[in-house]
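J.: My structure is below; once you've seen it, I'll send some questions.
Quick note: the coordinates plus some simple rules give every number you see, no bench work behind them. Please read these numbers as outputs of a predicted model, since none were measured by experiment. When we count neighbours, we look across all protein chains shown, and the Cβ atoms used for this are built from the backbone with ideal geometry, even at glycine.
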2 protein chains.
Amino acid sequence: MPYDPSAFPPFAVTVDLVVLTVRRHALCALVVRRGEPPYEGKWALPGGFVRADEDLTSAAARELAEETGLHAHGTDSGLPGAHLEQLATYGDPGRDPRMRVVSVAHLALAPDLPSPTPGGDARGARWAPVDELLGVGDLSRYADDGNKSSLAFDHEQILAAGVERARSKIEYSSLATAFCPPEFTVGELRRVYEAVWGVVLDPRNFHRKVTGTPGFLVPSGGTTTRQGGRPAQLFRAGGATLLNPPMLRPEV
Amino acid sequence: MPYDPSAFPPFAVTVDLVVLTVRRHALCALVVRRGEPPYEGKWALPGGFVRADEDLTSAAARELAEETGLHAHGTDSGLPGAHLEQLATYGDPGRDPRMRVVSVAHLALAPDLPSPTPGGDARGARWAPVDELLGVGDLSRYADDGNKSSLAFDHEQILAAGVERARSKIEYSSLATAFCPPEFTVGELRRVYEAVWGVVLDPRNFHRKVTGTPGFLVPSGGTTTRQGGRPAQLFRAGGATLLNPPMLRPEV
DNA sequence: TCAATAGTGTCTCTCAGACAGTATGGT
DNA sequence: ACCATACTGTCTGAGAGACACTATTGA
């Protein structure tokens, strides 16, 4: 088959975002309420069209900034940053009933934001616990329209992929620090791991592990007592991106 | 921004394939020679347009079958199978000088084929060692056209991503068996790891490790002497997909 | 004083790497 | 005989899990 650029089928290309954060000991994702059909009134992942002159990463970063006010790391600005990476691409015919849409899903990891959803447009937006969105152990959420999902389109599948990526990636990389503010304690970092994995970790072994892994954490000098109890040392993320040896997720 | 399906910019969507195999102790990728501009005469990854009624995985499986005669696992047929998974999506404006093309790259892992490139169309196709294509340690491959790559478009970047995915994935999954024929020996599996990672492994520790990992290998009963020396037991791939504990890549 | 969290030390078991030694085929 | 490869066993050191113990704050 010759490569004939004039005879291609028409596609729309969008980016969808799985934006994760840790709020009140739970892993949460950003969802927006749809204001028009199809799936009007349902919750969906934020996203939008890729513009004609824009690469995929830029489109995802732009959508992230529009929805949350966060800027992707690498985007130079004094604003709060988030980790952003490409996740996977979804392009089944019929995933959007209106036309053929190929969506390049991205994963963003953000620290807990002071205000729930600053910026963003007028649509309703909220942080929802992923366990709720993915219906963990919930068999009574079958809607009337036959869509068993609590999210529009194939967004539940995309969210599940993003959550699984985050869960596995904090094992062998220092990405868990992307959920933390610039300065954080070992205990706060442990609570991130516990929320993302849904487990409880031994504080003493965890402390030995993360402080002993070279390049993971660097002490910033200060201490804090915001958790109560003995004041804890404050750390920043170190330069290491890949952890060796990795953090081990229990009960595998 | 309202979601207006009638106002989308025009995109073409293609699939590109990183097809890897192990031949004569080297990790090799399938490349085809371009018969038309741009990059006429250069080597490129196989690929093609996604059809209007076809999902992305089907398009990749179709291209794989057209180019190699291999069928993706899951595609029911008596034909030789290969592992196929989505890799990443490349959509920079200008990556194709003719128009805006978004390419969903896929990774395929195949056993060494008896005939170099059965099936496929009339264009030249070959298995090339990835070290050669990626120009490891080669600074003299700067072409006249300013493209420092030995491959067309951004295919060197895509190939590098595919190779890195394969290298890391055989650590924690049983995917290395996708490079082997249905029955294989521990020594043949070890040579796969050595070729993909570019290292030498201790045969005794490797044997202990793979035979001790539950679900990785199941003995098929037979033995073979095709490598010379004492006859070796033949194995098939076991049911396990995730290896626990993982194989460890030396010199990390 | 007690409760809560931070941080250190110690023991044990698993497992990876190094490598000796035995088994069994081909030439 | 000799070589090549397959396979088994043993030692050692690194590190994870379990958990006792001490340190330092606020209520």
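J.: Please give, to one decimal in nm, the separation of the simple spin-label points placed at A:Arg24 and B:Glu66, each 7 Å out from Cα toward the Cβ.
T.: Here the modelled spin labels are 5.4 nm apart.
J.: So what is the calculated 222 nm ellipticity per residue for the protein assembly as shown, using -39500 (n - 2.57) for each DSSP H run with n of 4 or more, over all residues, to the nearest 500 deg cm²/dmol?
T.: Values: 10 runs with 114 residues, N = 504.
Theoretical 222 nm ellipticity from helices: -7000 deg cm²/dmol.
J.: Can you give the % of DSSP beta bridges in the protein assembly as shown that are antiparallel, to the nearest 5?
T.: Values: 57 of 81 bridges.
Approximately 70 percent, going by the DSSP bridge assignments.
J.: Something else: Can you give me the distance in nm between label points at A:Asp131 and A:Val218, each placed 7 Å from the Cα along the Cα-to-Cβ direction?
T.: So the two model labels end up 3.7 nm from each other.
J.: Compute the label-point distances linking A:Pro219 to its equivalents in the other copies; points lie 7 Å from Cα along Cα→Cβ; give nm, one decimal, shortest first.
T.: 5.6
J.: Moving to a separate point now. Filter the trypsin sites (Lys or Arg not before Pro) in region A:185-252 to those in DSSP coil with at most 14 other Cβ atoms within 10 Å of their Cβ, and list the result. Intermediate values should be presented prior to the final figure.
T.: Working: sites: A:Arg190, A:Arg191, A:Arg204, A:Arg208, A:Lys209, A:Arg226, A:Arg236; in loops: A:Arg226.
The qualifying sites are A:Arg226.
J.: Can I ask one more? Please enumerate, by chain and number, the lysines with C-alpha under 30 Å from the C-alpha of B:Lys209, excluding those fewer than 8 residues away in the same chain.
T.: A:Lys169, A:Lys209, B:Lys169
J.: Between B:Ser168 and A:Glu40, take the C-beta separation as r, use R0 = 60 Å, and let me know the FRET efficiency to the nearest 0.05. Kindly include the intermediate steps, with their values, before the conclusion.
T.: Working: r = 42 Å, r/R0 = 0.70.
Using R0 = 60 Å, I get an efficiency of 0.90.
J.: A follow-up question, please. Exposed loop sites here are GluC sites (Glu not before Pro) in DSSP loop states with at most 13 other C-beta atoms within 10 Å. What is the longest stretch of chain B lacking them?
T.: Numbers: sites that count: B:Glu40, B:Glu251.
Counting only loop sites that pass the neighbour cut-off, the longest clear stretch is B:41-250.
J.: Could you calculate the contour length gain from A:Gln233 to A:His73, that is, 0.36 nm times the residue separation minus the distance between their Cα atoms, to one decimal place in nm?
T.: On the way: separation 160, 0.36 × 160 = 57.60 nm, distance 2.52 nm.
Gain on extension, A:Gln233 to A:His73, equals 55.1 nm.
J.: If you don't mind, another one. Give the calculated FRET efficiency between B:Asp202 and A:Asp53 to the nearest 0.05, with a Förster radius of 56 Å applied to their Cβ-Cβ distance. Don't jump to the answer; show the numbers that get you there.
T.: Values: r = 53 Å, r/R0 = 0.96.
Plugging the Cβ-Cβ distance into 1/(1 + (r/R0)^6) gives 0.55.
J.: So which trypsin sites (Lys or Arg not before Pro) in region A:1-70 pass both tests, a DSSP loop state and at most 13 other Cβ atoms within 10 Å of the Cβ? Let's see the in-between values first.
T.: Numbers: sites: A:Arg23, A:Arg24, A:Arg33, A:Arg34, A:Lys42, A:Arg51, A:Arg62; in loops: A:Arg24, A:Arg34, A:Lys42, A:Arg51.
Taking region A:1-70 and a limit of 13 other Cβ atoms within 10 Å, the loop trypsin sites (Lys or Arg not before Pro) found are A:Arg24.
J.: Something else now. Between copies, how close do the A:Gln233 label points come, placed 7 Å along Cα→Cβ, listed in nm from shortest?
T.: Those separations, rounded to one decimal, come out as 4.8 nm.
J.: Of all DSSP beta bridges located in chain B, what percent are antiparallel, nearest 5?
T.: Values: 28 of 40 bridges.
Given both bridge residues lie in chain B, the antiparallel proportion sits at roughly 70 percent.
J.: List every residue whose amide H lies under 5 Å from the amide H of A:Phe11, counting only residues 5 or more places away in sequence or on a different chain, with H placed 1.01 Å from N in the peptide plane.
T.: Residues meeting the criterion, in which the H sits 1.01 Å from N, are B:Phe11.
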